[in-house]
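Here's the structure, in structure tokens; my notes come after.
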Amino acid sequence: MRSMHKTIKNLEKIRATTLKINEIFFSIQGESTRAGLPTVFVRLTGCPLRCSYCDTAYAFYEGNKLSISDVLRETARYRTRYVTVTGGEPLAQKACLDLLTQLCDEGYQVSLETGGALDISGVDTRVARIVDIKTPGSGESKKNRLANLAHLTARDQIKFVICDRMDYLWARDMLRDMQLSERCEVLFSPVHGRLQAGTLADWILADQLPVRLQIQLHKYLWGDVPGR
């Protein structure tokens, strides 16, 4: 009985933990292998990176403090089992790990979008981790934490955001040299408005790469706007 009481108290403490949340919204997943699925997005505030193509700079500083219980309550408003925790860089807030676990405990199929500069080893193993490897065109390639690759499993995904031909060649070499497609699924995504998806598709086919072409579906549906 004491053990159960202690467990309940610990759970209450965890769910009272606060995070700075930029926005919570319901939309169509536009990226990853879950593209097209109705999904709740929980966007955390803050990011240590400043990528040249960043489309969520509004999440660098803006947001409100919410408890994990608040986030769970808001998420439960929507009839879907899919939740994506994103940013910013969600792992920049330590309590993100607790949030991910609590979402999994509630029965959600949870994915995490991370920029790849911070340690992913503490993330709940039930979470599908979509980990960026930043290309030179991002301006942040020196911050790639390649030690994360050792923690990836078949349920995870690696994403390269491609700015131009030079980025493509760099990502292609990285793919082959590090045998990334043997670790998990690899996504090649063109920077919206800078590189045509058809051009990237032609390069992938010419080199017969074992990758998935990804477009940001939500931008084709609604444009580049917050909350979508």
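The values are calculated or read from the model by the stated rules, or taken from the named source; none is laboratory data. Treat the numbers as computed from the prediction; the structure is a model and nothing was measured. Because the Cβ atoms are built from the backbone with ideal geometry, glycine has one as well, and the counts that use them run over all protein chains shown. What goes into the accessible areas is simple: the full protein's heavy atoms, side chains included, and nothing from ligands, DNA or RNA. Shrake-Rupley method; radii C 1.70, N 1.55, O 1.52, S 1.80 Å.
Couple of notes before you dig in:
- Across the stretch 65-96, the number of residues qualifying as among the small types (Gly, Ala, Ser) and farther than 22 Å from Arg228 by Cβ comes to 4.
- Pairs linking a residue in the stretch 45-61 that is hydroxyl-bearing (Ser, Thr, Tyr) to a residue that is part of a loop (DSSP other than H, G, I, E, B) and surrounded by 15 or more Cβ atoms within 10 Å (Cβ to Cβ), with Cβ atoms under 6 Å and 6 or more positions apart or on different chains, are Thr45/Gly63; Thr45/Gly88; Ser52/Gly139; Tyr53/Val191.
- Selection status of Tyr168, farther than 17 Å from Cys54 by Cα, out of contact with any helix residue (DSSP H, G or I) (no Cβ under 7 Å at 6 or more places or on another chain) and among the hydroxyl-bearing types (Ser, Thr, Tyr): no
- Any helices (runs of 4 or more DSSP H) falling wholly within the stretch 1-117 and containing at least 2 residues that are among the β-branched types (Val, Ile, Thr), within 30 Å of Val211 (Cα to Cα) and open to solvent by 50 Å² or more (accessible area, probe 1.4 Å): none
- The stretch 172-228: number of residues that are closer than 26 Å to Ala154 by Cβ, touching a strand residue (DSSP E or B) at 6+ places or on another chain (Cβ under 9 Å) and in a loop (DSSP other than H, G, I, E, B): 8
- Residue, surrounded by the fewest Cβ atoms within 10 Å (Cβ to Cβ), within the stretch 121-171, restricted to residues that are basic (Lys, Arg) and not in a strand (DSSP E or B): Lys142
- Among residues of the stretch 197-223 that are among the aliphatic types (A, V, I, L, M), those with a beta-carbon under 9 Å from a residue that is assigned to a helix (DSSP H, G or I) and open to solvent by 80 Å² or more (accessible area, probe 1.4 Å) at least six positions away or on a different chain give the pairs Leu209/Arg176.
- Single unsatisfied condition, Thr199 versus (1) among the polar types (S, T, N, Q); (2) buried (at least 19 other Cβ atoms within 10 Å of the Cβ); (3) more than 29 Å from Tyr82 (Cβ to Cβ): (2)
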